[in-house]
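Here the structure comes first, spelled out in structure tokens, and everything after it is commentary.
The values are calculated or read from the model by the stated rules, or taken from the named source; none is laboratory data. If you're wondering where the values come from, they're calculated on a predicted model, not measured in any experiment. Reconstructed Cβ throughout: ideal geometry from the backbone, glycine too, with neighbour counts over all protein chains shown.
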């Protein structure tokens, strides 16, 4: 976490320095360039005016030039120099007439070029301009003006000073804000990491305290949802292990008791032995059924990939009814079917058989004497549906949300009498969902229950039909 805090502060500091560098250079540079441009336009225009005015003098002298300059009112300039075509100084308000000037710009101006120079140093703008002086189309001399401006320079320096002071304040505030923000942010991340460690240690009841509405809060909310699911899964796992142990322990205890009775009894008659052996066989068969159902659920939990094939639901239903007729006859339950042709879904024959067989078996086992079971199929353009309706004991409203849970029984006493393990509907539910279907349970008035299973209808390309 420390490295993340360091990286965050370093990144923000680097970004801030870049922004401050731009803030401290671009405005000043722009202002300086604008002053340079204004100086160039103003000083060049003034120098040209002076040169034009002096070019009309027939014999320029220091006095005549001075008189013209007085009329033009250019006293605000630092230096004014006028030279003839031979670079001889005719007028220099800061030097001696007749001496050669030491300003190189005048020599360039005598060649017919305008020269402007400006610099910003020493707390002032120093600018100069030299232009040629023409008479009758010939260069007869040159005029040089220079200016020293400290007012605009002072204004720019004041702006620069204020920007630097503001930059310092912004820098301190930004660094402090970044440090505080990173500390708060990383503290929240540390809380999330600590919560993960607590949950990883096995405490699935732990929940993260969520504050705010940002992305970390959303992450914490998702973490709590995941933890809640883990807690539910762990509860289901423990309940499953407990119920499975109980279901397996009961027939094993019966088998152990009956076998011990046979071994320990020396004078047991053959009929009693046969009865005990028959009971042992029934308990072993019950144990086998429970084990097979547990293996089926384990296969679904492992998400073993299977290749779905076109399955004719009608044919699978007919096959399941053949196995169920003895049970229906024993319980005196009538079975009725409505089996139209062409009801094909993409699944496996074994899974479809499990679905239909378990639903029909439950409808027979938990029916009333003389009751009936109806298996009805129907199809539309998008779905294949079948319904299993019975006239049995029904399912209370408060139990309908739990009937697909493993080992869940509505009537535990009657379920044990019927040989139920509480796994049949769990197998149906998992098998239906595995092949993209859905299952719902409702009330079959005036009595009984109805299960509705729906599968998406496959396309001709999927079935190859």
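Before moving on, here are some points about what is shown:
Let's see how each residue does on (1) modelled with pLDDT under 85; (2) farther than 30 Å from residue 274 by Cβ:
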site: 224; (1), (2): no, yes
site: 234; (1), (2): yes, yes
site: 238; (1), (2): yes, yes
site: 243; (1), (2): yes, yes
site: 246; (1), (2): yes, no
site: 252; (1), (2): yes, no
site: 262; (1), (2): yes, no
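- Qualifying residue in the stretch 78-88 (condition: surrounded by 14 or more Cβ atoms within 10 Å (Cβ to Cβ), in contact with a strand residue (DSSP E or B) (Cβ under 9 Å, 6 or more places away or on another chain), farther than 15 Å from residue 132 by Cβ and modelled with pLDDT under 80): no
- Some residue of the stretch 153-170 being over 30 Å from residue 18 (Cα atoms) and loosely packed, with under 15 Cβ neighbours inside 10 Å: no
- Those strands (runs of 3 or more DSSP E) lying entirely in the stretch 51-140 with at least 3 residues more than 30 Å from residue 154 (Cα to Cα): 79-84, 89-92, 124-135
- Residues (outside any loop (DSSP other than H, G, I, E, B) and either more than 16 Å from residue 253 (Cβ to Cβ) or in the same structural domain as residue 426 (by TED's automatic domain parsing) (or both)) located in the stretch 265-280: 270, 271, 272, 273, 274, 275, 277, 278
- Residue within the stretch 432-448 that is at pLDDT 85 or above and more than 40 Å from the chain's Cα centre (by Cα) present: yes
- Sub-9 Å Cβ pairs linking a first residue in the stretch 257-270 that is surrounded by 13 or more Cβ atoms within 10 Å (Cβ to Cβ) to a second residue that is not in a helix (DSSP H, G or I), at least 6 apart or interchain, are 261/268; 262/268, ordered by first then second residue.
- Out of 144, 204, sole residue that is surrounded by 15 or more Cβ atoms within 10 Å (Cβ to Cβ), in contact with a helix residue (DSSP H, G or I) (Cβ under 7 Å, 6 or more places away or on another chain) and outside the structural domain of residue 48 (by TED's automatic domain parsing): 204
- Among the residues making up the stretch 408-421, those that are modelled with pLDDT under 65 and not in a helix (DSSP H, G or I) are 409, 410, 411, 419, 420, 421.
- Residues that are surrounded by fewer than 15 Cβ atoms within 10 Å (Cβ to Cβ) and farther than 18 Å from residue 161 by Cβ, drawn from the stretch 14-37: 14, 15, 17, 18, 19, 33, 34, 37
- The number of residues in the stretch 378-399 being farther than 15 Å from residue 447 by Cα and outside any helix (DSSP H, G or I) comes to 10.
- Residue within the stretch 141-151 that is part of a helix (DSSP H, G or I) and closer than 25 Å to residue 74 by Cα present: yes
- The set of residues in the stretch 339-377 that are surrounded by fewer than 20 Cβ atoms within 10 Å (Cβ to Cβ), free of Cβ contacts under 8 Å to residues at least 40 places away in the same chain and not in a loop (DSSP other than H, G, I, E, B) comprises 350, 353, 372, 374, 376.
- Some residue of the stretch 209-223 being within 30 Å of residue 404 (Cβ to Cβ), assigned to a helix (DSSP H, G or I), touching a helix residue (DSSP H, G or I) at 6+ places or on another chain (Cβ under 7 Å) and in contact (Cβ under 8 Å) with a residue 24 or more places away in the chain: yes
- Residue match in the stretch 186-202 (condition: assigned to a loop (DSSP other than H, G, I, E, B) and either without any contact (Cβ under 8 Å) to a residue 60 or more places away in the chain or within 19 Å of the chain's Cα centre (by Cα) (or both)): yes
- Residue within the stretch 304-313 that is modelled with pLDDT of 90 or more, assigned to a helix (DSSP H, G or I), assigned by TED's automatic domain parsing to the domain that holds residue 383 and surrounded by 13 or more Cβ atoms within 10 Å (Cβ to Cβ) present: yes
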